[in-house]
1. Using the structure shown, decide if Leu77 is in contact with a Cys (Cβ under 8 Å, 6 or more places away or on another chain), aliphatic (A, V, I, L, M) and closer than 22 Å to Val286 by Cβ.
2. Would you mind finding the one in Ser53, Ser64, Ser69, Ser29 that is more than 44 Å from the chain's Cα centre (by Cα) and modelled with pLDDT under 85?
3. Hey, does the stretch 151-164 have a residue that's of a type in the set (Asp, Glu), within 36 Å of the chain's Cα centre (by Cα), assigned by TED's automatic domain parsing to the domain that holds Gly46 and at pLDDT 90 or above?
4. So, in the stretch 164-192, exactly how many residues are in contact with a Pro (Cβ under 6 Å, 6 or more places away or on another chain) and in a loop (DSSP other than H, G, I, E, B)?
5. Quick one: which of Leu263, Leu245 is touching a Leu at 6+ places or on another chain (Cβ under 7 Å), of a type outside the set (Ser, Thr, Tyr) and surrounded by fewer than 17 Cβ atoms within 10 Å (Cβ to Cβ)?
6. Mind checking which residues of the stretch 86-105 are touching a residue at least 60 places away in the same chain (Cβ under 8 Å) and either touching a Cys at 6+ places or on another chain (Cβ under 7 Å) or among the aliphatic types (A, V, I, L, M) (or both)?
Amino acid sequence: MGICPPACHDAVVGGLRRAIAAVHAGDLSPGATGGRLGLAPLAAIGIAFGFASLLEARSAPGGSFAGTSTPAAVAELAAGWSLIAAGVVESRRRRTRRAGVLLAAAGIGWFFADWNNPGVGSPAAFTFGLIVYGLAAPLVAHAALAYPKGRLDARPDARVLLFAYAGAGLVLGLLPGVFFDPGRQGCGLCPANLALLRSEPYLVSNLQRAGLVLGLGWTAALIAVGARRLVKASVPLRRMLWPVLAPAGCYLALVGADFAHSLPRGSLSNDPVEYRLWLGEAALLVLMALGVSWAWVREWRTRSAVVRLVMAAEQSPPSGGLRDILSETLGDGGLELAYTVGEPPRHVGADGRRVNVEPGDGEAATPLVQQGRTVAILRHRAGLLDDPGLVRQVVAAARLAMENERLQAEVLAQLEDLRAAQARIVATGDAERRRLERDLHDGAQQRLVGLSLALRLARSQPGTALGAQHSPAPAPALTALIDQADRELRLAIDELRELAHGIYPAVLADEGLAAAVEALADRSPIPVTIGDLPLERLAAPVEAAGYFLIAQATELIAVLAGAQGVTIDAKHHGNLLIIAVAEDGTAKPGKELHARLPELSGRVGALGGKLRIDDAPGVSGLAITGEIPCGS
């Protein structure tokens with residue numbers, strides 16, 4: 001096997017340095033690493049670097065693991081390339097590329113140890129391997145602990161990881177490297193060390209031993225951080241994390257065992273024990289990559305389940321049906337689905353009514369985002385949607401049904417707004433009616449009554465009325481004129497009282513619906529039979545709507561249908577006031593009665609009620625029936 005020429009070494013090492021520099025700097029956004037290098041070039045560099053590492057190992061097998069046998073070569077490439085492939089696919093699947101870049105960097109870092117080989121023919125490649133050979137374990141830990149978001153959860157985790165990078169990159173790599181002189185320190189086969197500052201054999205030995213001791217510490221600390229993350233994670237997130245964190249933790253345990261085995265010698269090597277540990281590490285990295293891919297399988301299964309349920313509902317479930325579908329799919333019976341509508345924005349359910357999206361104890365609220373726009377909010381059991389892939393698959397699978405239901409909810413919310421506005425208008429009108437009725441009763445009507453009493457007094461005691469002690473009896477013509485004025489005045493009082501009662505009957509506000517209907521029956525121009533009436537008091541808007549429905553229905557049946565009598569029934573059944581005004585069988589309904597239906601339904605509809613006309617003579621006769629919600 002030939003040795004990779006210096007130009008090949010320089011290209012591979014240069015590209016790798018740029019990638020690792022971006023990882024160490026934390027600049028892992030798509031506009032940084034993903035933007036400058038791109039994941040495809042990074043993957044190509046990783047594959048080429050792995051192949052070049054294997055060539056070097058095969059050309060100098062005495063100082064490497066992978067060059068000793070074909071199984072070792074397969075293990076070398078499988079471990080590194082599987083992590084690189086997982087990183088590339090992960091970066092394409094998620095909105096952030098951080099997790100993918102870290103996985104790919106960990107795969108590339110796995111090949112670093114092969115370049116710390118005395119048989120490497122290039123001084124640049126040898127120097128590179130001498131400095132970075134210990135960074136594989138921190139890179140793997142970084143990728144595992146930052147999965148799936150690409151960033152660490154807590155600042156203490158970052159400190160532990162920084163400790164690992166310092167221990168592996170500085171104490172094991174860079175610091176011994178700048179004091180290691182191959183020619184003077186017993187490595188006759190080693191190329192020149194381009195990073196050498198001065199030869200310090202004793203310092204190199206102490207630094208390497210200190211690096212092994214520190215390695216025992218940071219591997220144990222990283223394992224503890226991963227275990228704590230698993231314990232603190234919610235159940236759905238834990239199911240996603242453990243296939244990645246468990247192999248990574250076992251890998252770090254083997255790295256720590258390698259450090260412990262090498263501590264008496266004072267340096268890492270490739271003896272048979274370390275070779276077996278290395279094979280175990282390779283197998284665990286393959287398992288870690290498979291753990292990442294297992295999350296893709298779970299997302300696919302979740303999406304398939306949602307798709308099947310949505311397709312079963314013909315992608316257009318009934319109002320509120322999507323909430324039931326998601327509740328069944330995600331296993332949360334208390335799940336609530338809300339949509340953002342209107343200006344100012346508010347949250348409504350599928351029926352257009354306001355809902356509370358503020359999470360309670362043990363709950364969380366998750367926005368469902370589509371193309372950068374929040375289309376809905378899920379209130380659910382805490383931890384249910386900690387897996388970001390699950391949220392994305394739910395949104396993708398239920399996209400059409402969710403958009404349809406959101407539009408329906410928006411229309412229903414607008415209807416609710418119109419109904420509320422109509423109810424406010426009716427309430428304002430009723431308040432104005434009551435004010436007018438009081439003004440007429442307490443003002444004009446009382447003045448007319450006083451004037452009528454004055455006229456009667458003038459007729460019976462003309463002298464007293466005129467302020468005289470003795471006066472002759474009034475002439476018959478004057479008496480007749482006073483009588484006529486009194487009759488006209490009493491007629492005006494009756495008409496004014498009738499007008500005030502028609503505007504808003506005082507008995508309705510004072511005594512309730514039953515008393516008001518009985519008073520209405522006494523004044524009706526046609527006979528009225530009263531059936532059931534609610535004896536309890538109801539809300540003022542409900543009583544007003546019921547009374548005016550009865551009054552207007554009775555008048556329309558008598559005037560437009562020619563009925564000779566009606567029967568009135570009003571029952572309070574559950575949360576509804578059910579009113580029926582039925583004629584006596586003599587009515588002749590026509591189109592005009594139906595044309596006047598909006599006059600009757602406006603007040604009832606303002607309260608969310610329903611109204612219908614049954615005009616089947618000979619079966620049940622003509623009847624106007626209304627259902628008025630009584631509120632909670």
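The values are calculated or read from the model by the stated rules, or taken from the named source; none is laboratory data. Every value quoted in this text rests on a predicted model; they were computed, and no experiment measured them. FYI the Cβ positions are ideal-geometry reconstructions off the backbone, even for glycines, and counts take in every protein chain you see.
1. On the way: in contact with a Cys (Cβ under 8 Å, 6 or more places away or on another chain): no; aliphatic (A, V, I, L, M): yes; closer than 22 Å to Val286 by Cβ: yes.
Answer is no for this residue.
2. Details: Ser53 fails: modelled with pLDDT under 85; Ser69 fails: modelled with pLDDT under 85; Ser29 fails: more than 44 Å from the chain's Cα centre (by Cα).
Every option except Ser64 fails the conditions.
3. First pass over the stretch 151-164, keeping only residues of a type in the set (Asp, Glu): 153, 157.
From the residues that got through so far, the ones that are within 36 Å of the chain's Cα centre (by Cα) too are 153, 157.
Narrowing further to those that are assigned by TED's automatic domain parsing to the domain that holds Gly46: 153, 157.
From the residues that got through so far, the ones that are at pLDDT 90 or above too are 157.
Yes, that holds for at least one residue.
4. Quick first cut of the stretch 164-192, residues in contact with a Pro (Cβ under 6 Å, 6 or more places away or on another chain) only: 164-165, 168, 185, 187, 189-192.
Next cut, in a loop (DSSP other than H, G, I, E, B) only: 185, 187, 189-192.
Matching residues across the stretch 164-192 total 6.
5. Numbers: Leu245 fails: surrounded by fewer than 17 Cβ atoms within 10 Å (Cβ to Cβ).
Leu263 is the lone residue from the list that is touching a Leu at 6+ places or on another chain (Cβ under 7 Å), of a type outside the set (Ser, Thr, Tyr) and surrounded by fewer than 17 Cβ atoms within 10 Å (Cβ to Cβ).
6. Ala86, Val89, Val101, Leu102, Leu103, Ala104, Ala105 - these are the residues of the stretch 86-105 that are touching a residue at least 60 places away in the same chain (Cβ under 8 Å) and either touching a Cys at 6+ places or on another chain (Cβ under 7 Å) or among the aliphatic types (A, V, I, L, M) (or both).
Yes or no, residue by residue, for (1) part of a helix (DSSP H, G or I); (2) at pLDDT below 75:
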site	(1), (2)
Asp361	no, no
Ile377	no, no
His380	no, no
Leu385	no, yes
Gly389	yes, yes
Arg392	yes, yes
Val395	yes, yes
Met402	yes, yes
Leu407	yes, yes
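Yes or no, residue by residue, for (1) among the polar types (S, T, N, Q); (2) modelled with pLDDT under 95; (3) surrounded by 17 or more Cβ atoms within 10 Å (Cβ to Cβ):
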residue: Val140; (1), (2), (3): no, no, yes
residue: Lys149; (1), (2), (3): no, yes, no
residue: Gly169; (1), (2), (3): no, yes, yes
residue: Phe179; (1), (2), (3): no, yes, yes
residue: Pro182; (1), (2), (3): no, yes, yes
residue: Leu194; (1), (2), (3): no, yes, no
residue: Gln208; (1), (2), (3): yes, yes, yes
residue: Ala220; (1), (2), (3): no, no, no
